[in-house]
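The values are calculated or read from the model by the stated rules, or taken from the named source; none is laboratory data. None of these values were measured; they are calculated from a predicted model. Reconstructed Cβ throughout: ideal geometry from the backbone, glycine too, with neighbour counts over all protein chains shown. Surface areas here come from the heavy atoms of the whole protein model, side chains and all, with no ligands, DNA or RNA. Shrake-Rupley method; radii C 1.70, N 1.55, O 1.52, S 1.80 Å.
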Amino acid sequence: MSEDWLVRPYMMTRGRTRPTGEDFDLIAIVAATGVPSPTAGLTPEYLRVLAACRNPISVAEVASATGLSLGVVRVLLGDLRERQLVTVRHAAEDVGVLREVLHGLRSL
């Protein structure tokens, strides 16, 4: 029998259901800012999220890549943002890109 431990979501987030600071849209793009120091004291879940963010990725894709629920990912990303280990770029900031996508879709 395997001794895999199941960590409940409320344990990963210490009972929190919302990230510190502003919330994360599903399509917000997050990216790791660097490698945390070995003394950062990050749990395996935080490290999984950071690994997923090595390249810019949407919040929804982080949840999919890590196998963690969206709510947990948002809380963990909030903590990582607070530690300045990830940056967040909201889709609304990329209006020009969205216009180009819309133009491309219309031309189809």
Open item on the list: With only alpha-carbon pairs counted, each pair once and no self-pairs, how large is the Kirkwood hydrodynamic radius of segment 38-79 in angstroms?
Closed with: 10.3 Å
Open item on the list: With a 1.4 Å probe and all protein chains left in place, how much of the accessible area of segment 26-94 comes from carbon and sulfur atoms, in whole percent?
Closed with: 56 percent
Task: Separation of the A40 and A65 label points, Cα + 7 Å toward Cβ, nm - done: 1.4 nm
TODO: Hey, can you find the accessible area per residue of segment 32-87 for me, probe 1.4 Å, expressed in square angstrom?
DONE: 51 Å²
Open item on the list: Under a crude label model (7 Å from the Cα following the beta-carbon direction), how far is D25 from N55 in nanometres?
Closed with: 2.3 nm
